[in-house]
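The values are calculated or read from the model by the stated rules, or taken from the named source; none is laboratory data. Predicted, not measured: the structure shown is a model, and the values here were computed from it. Using ideal geometry, Cβ is built from the backbone for each residue, glycine included, and neighbour counts are taken over all protein chains shown.
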Amino acid sequence: MIHKRNATITAVGGYVPDTILTNKMLESYVDTSDEWITSRTGIKERRILSDITLATSDMAAFAIKDLLHESGVDPKTIDCLILATSTPDHILAPAATLVCEKAGLTIAWGFDLNAACSGFLYALSVGASFIESNRYHKILVVGADQMSAIVNYEDRNTCVLFGDGAGAVLLESSSDGSGLIDNVFKVDGKGSSSLSVSGGGSLYPASLVTVADKKHFIQQDGKNVFKNAILGMTSTCSEIMERNQLDTAMIDWIIPHQANLRIIEAVSKHLDFPMDKVKVNIQKYGNTTAATIPLCLWDFKEDFKEGDKLLITAFGAGFTYGSTYLKWGKLHSKII
Ligand code: COA
């Protein structure tokens, strides 16, 4: 049987900073409690990039180096890097160029892709299309965000939710049927004001006024985001299952964006999918935006067997949202 040329994940890497910010520590910043944060979000702690000489590109490069080290893949063979991030080091130059430099990707070209918490899933699809078209052979897809750079640690509505981190996967072609099979992606611009950092762009360039108005920090209407996240992830999971003739019993794992444990549990309930097959690491890292999904793949890679069917789903600012269906393939194992 001839299979179409698929793009499959052949290596996974990750990085989280050493500094841990616990719920207890946040009690001294804002009027909150470990009990409130745990029961309302599932988060116990998050990682913070506390070294002020480092930024998102460094976390991305660390995650790539972890991937290259674990897989034994030569950085000089990487064709392209797609960096999903909402917190690039600078507005210019693109962070992907810094990452290529820092990770030793000497022949790779690359670019940033900003689709907030859906960024990694969108980037995975773009990278897969390069492989499927036979244009490129080794694509690194990275999700990395330093959310601590845009969080207001005086705002209890947001500061408890986010953390810093980066995850990376390598995409290569497969002929065994493994790899990315399908995506359902959507955007809804009506949601754009519900979750935003409005300052520092072309509408409100940085000024004393934008700083005074706290426009450089993340702002959100938590309730509206919460409701739409459940609807968006559930509906795109249902749509992708329907058009691939899948029922929940046929899916081995769901990897949801890690924004709030209650959102994840609600999606699982609506899909009638058991929570023991839903991957969750939000308690350790909080919401790391574009990094949550690759960090889940990194944390749980030992659980996935060749041929396992994964449903990955994300929701983020924009609104952006969607689901991807893929079959897990064979990872490189380093020859020592
Ligand atoms: N500690 C204690 N109390 C807090 C708090 C905190 N960290 N944050 C908010 N509260 C308070 C609110 O001020 C509110 O008080 P009030 O009734 O006196 O006004 C009360 O808790 C209830 O707030 P509410 O918004 O109803 O809580 P919630 O159950 O909706 O949970 C979120 C709030 C933010 C956790 C929840 O809405 C959420 O997770 N939204 C989605 C966020 C998200 O995932 N964003 C990223 C998407 S990619």
Self-check item: Wholly within region 133-246, helices (runs of 4 or more DSSP H) carrying at least 3 residues that are closer than 27 Å to residue 270 by Cα
Solution: 222-243
Quiz item: Could we say that residue 141 is of a type outside the set (Phe, Trp, Tyr), away from the ligand (no atom under 15 Å from the Cβ) and at pLDDT 95 or above here?
Solution: yes
Exercise. Quick one: count up the residues across region 37-69 that are surrounded by 17 or more Cβ atoms within 10 Å (Cβ to Cβ) and in contact with a Ser or Thr (Cβ under 7 Å, 6 or more places away or on another chain).
Key: 6
Quiz item: Does any residue in region 219-234 that is within 20 Å of residue 197 (Cα to Cα) and not assigned by TED's automatic domain parsing to the domain that holds residue 157 come within less than 9 Å, Cβ to Cβ, of a residue that is of a type in the set (D, E, K, R) and assigned to a loop (DSSP other than H, G, I, E, B) six or more places away or on a different chain, and which pairs are these?
Solution: 219/155; 228/188
Quiz prompt | Among the residues listed as 125, 148, the single one being surrounded by fewer than 24 Cβ atoms within 10 Å (Cβ to Cβ), of a type in the set (Ser, Thr, Tyr) and within 16 Å of the ligand (Cβ to nearest atom) | solution = 148
Exercise. Scan region 1-49 for residues that are of a type in the set (S, T, N, Q), away from the ligand (no atom under 14 Å from the Cβ) and free of Cβ contacts under 8 Å to residues at least 60 places away in the same chain and jot them down.
Key: 19
Exercise. Restricting attention to region 271-312, report how many residues are within 16 Å of the ligand (Cβ to nearest atom) and not β-branched (Val, Ile, Thr).
Key: 10
